1. Within the range B:22-39, is there a residue that is of a type in the set (A, V, I, L, M, F, W, C), under 20 Å from residue A:108 (Cα atoms) and more than 8 Å from every other protein chain (Cβ to nearest Cβ)?
2. Filter the range A:75-98 down to the residues that are out of contact with any strand residue (DSSP E or B) (no Cβ under 8 Å at 6 or more places or on another chain), open to solvent by less than 60 Å² (accessible area, probe 1.4 Å) and assigned to a helix (DSSP H, G or I) and list them by number.
3. Does residue B:77 qualify as being of a type outside the set (Lys, Arg), within 16 Å of DNA strand C (Cβ to nearest atom), more than 30 Å from residue A:51 (Cα to Cα) and over 17 Å from the mean Cα position of the chain (by Cα)?
4. Say whether the condition of being at pLDDT below 95 and within 20 Å of the chain's Cα centre (by Cα) is met by at least one residue in the range A:15-25.
5. Kindly establish whether residue B:50 is more than 10 Å from DNA strand D (Cβ to nearest atom), in contact (Cβ under 8 Å) with a residue 12 or more places away in the chain and surrounded by fewer than 20 Cβ atoms within 10 Å (Cβ to Cβ).
6. I'm checking my understanding of the structure. Among residues of the range B:58-74 that are small (Gly, Ala, Ser) and within 13 Å of DNA strand C (Cβ to nearest atom), which one is nearest to residue A:14 (Cα to Cα)?
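The values are calculated or read from the model by the stated rules, or taken from the named source; none is laboratory data. The shown structure was predicted, so the numbers you read here are calculated from the model rather than taken from an experiment. Neighbour counts are summed over all protein chains in view; Cβ atoms, including those assigned to glycine, are modelled from backbone coordinates with ideal geometry. Note: accessible area is taken over every heavy atom of the protein model, side chains too, but ligands, DNA and RNA are not part of it. Shrake-Rupley method; radii C 1.70, N 1.55, O 1.52, S 1.80 Å.
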2 protein chains.
Amino acid sequence: MDLEGCEVSGVDPDRVGAVRSALLPVEEAGRLAALFRLLGDPARMRLLYALLEAGELCVCDLAAVVEAPETNVSHALRLLRTAGIVKARRAGRRMHYALDDAHVRLLLDVSREHLRHAADATGRA
Amino acid sequence: MDLEGCEVSGVDPDRVGAVRSALLPVEEAGRLAALFRLLGDPARMRLLYALLEAGELCVCDLAAVVEAPETNVSHALRLLRTAGIVKARRAGRRMHYALDDAHVRLLLDVSREHLRHAADATGRA
DNA sequence: TCCATATATGAAAAGGTCTTCATATACTCA
DNA sequence: TGAGTATATGAAGACCTTTTCATATATGGA
């Protein structure tokens, strides 16, 4: 970061100062971004929707549902579990996964709404 | 994709079939993931929160607010604008940017809620 | 205990994204 | 029109993520 030149000049230095101090800190922004990045992969997205729909599924069935190799599913689930987005429950030699975060559920719904209503806004340059 | 072996075996082939046919299509999953990936970067996240707070800001002031070089801000804004997340308005030689999507606003709020309540859920392996 | 099954893990290859710098465009004002 | 300012763009390098393959762990049953 070098931020020379336009530092607090622009239009309204006071406003810049006000917004800057109200802005979420870099560390929080980083954590939020990490959450969104986790949702930012089609494979994981489909896993999450499968769990949203099914409630709970083992790795094997999840792989069948999303039509991906099980090792991929396992890798994906580890990331999601580490982030607290899904939880695992062992049942014999199977692992059952389920969503573990009400906010993520909400995020998924809101985003699907977005998809529906924003289809016409995509050609906007 | 090779999906041999566990195809529709697992526990419950019928359930797998049901969930699979209710699952959002790959193309939609891709578009949703693309949206989330766009939110998955700390720099863009801070820009979006700045706009959420300020309503509208020019590139210069945005750069000052998030403390990043203007060229980075410009690159980031292009991605966000192309996706219909922010909109641009020219005022003289300045460009003013603002959020252009109610759902994204919602997403930002929900996610910040998540951050607040999920601080204790992160050490869950 | 030995084998088969379900899942997890590590490391390397493949692919993507962010940052940076140099340069281009668009506008204002003199 | 010419100089200066605000923003945009392209391309290269650095960096990070996803996929793949081989292998490891854990469980249940014979």
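1. Filtering the range B:22-39 down to residues of a type in the set (A, V, I, L, M, F, W, C) leaves B:22-24, B:26, B:29, B:32-36, B:38-39.
So of that shortlist, the ones also under 20 Å from residue A:108 (Cα atoms) come out as B:22-24, B:26, B:29, B:32-36, B:38-39.
Those left that are additionally more than 8 Å from every other protein chain (Cβ to nearest Cβ): none.
The answer is no, given that none of the residues of the range B:22-39 is of a type in the set (A, V, I, L, M, F, W, C), under 20 Å from residue A:108 (Cα atoms) and more than 8 Å from every other protein chain (Cβ to nearest Cβ).
2. A:76
3. Values: of a type outside the set (Lys, Arg): yes; within 16 Å of DNA strand C (Cβ to nearest atom): yes; more than 30 Å from residue A:51 (Cα to Cα): yes; over 17 Å from the mean Cα position of the chain (by Cα): no.
Spelling it out, it is not the case that residue B:77 is of a type outside the set (Lys, Arg), within 16 Å of DNA strand C (Cβ to nearest atom), more than 30 Å from residue A:51 (Cα to Cα) and over 17 Å from the mean Cα position of the chain (by Cα).
4. Within the range A:15-25, one or more residues are at pLDDT below 95 and within 20 Å of the chain's Cα centre (by Cα).
5. Numbers: more than 10 Å from DNA strand D (Cβ to nearest atom): yes; in contact (Cβ under 8 Å) with a residue 12 or more places away in the chain: yes; surrounded by fewer than 20 Cβ atoms within 10 Å (Cβ to Cβ): no.
Answer is no for this residue.
6. Step one: of the range B:58-74, the residues small (Gly, Ala, Ser) are B:63-64, B:68, B:74.
This time we only want the ones that are within 13 Å of DNA strand C (Cβ to nearest atom), so: B:63, B:68, B:74.
On the way: B:63: 14, B:68: 18, B:74: 22 Å.
The residue in question is B:63.
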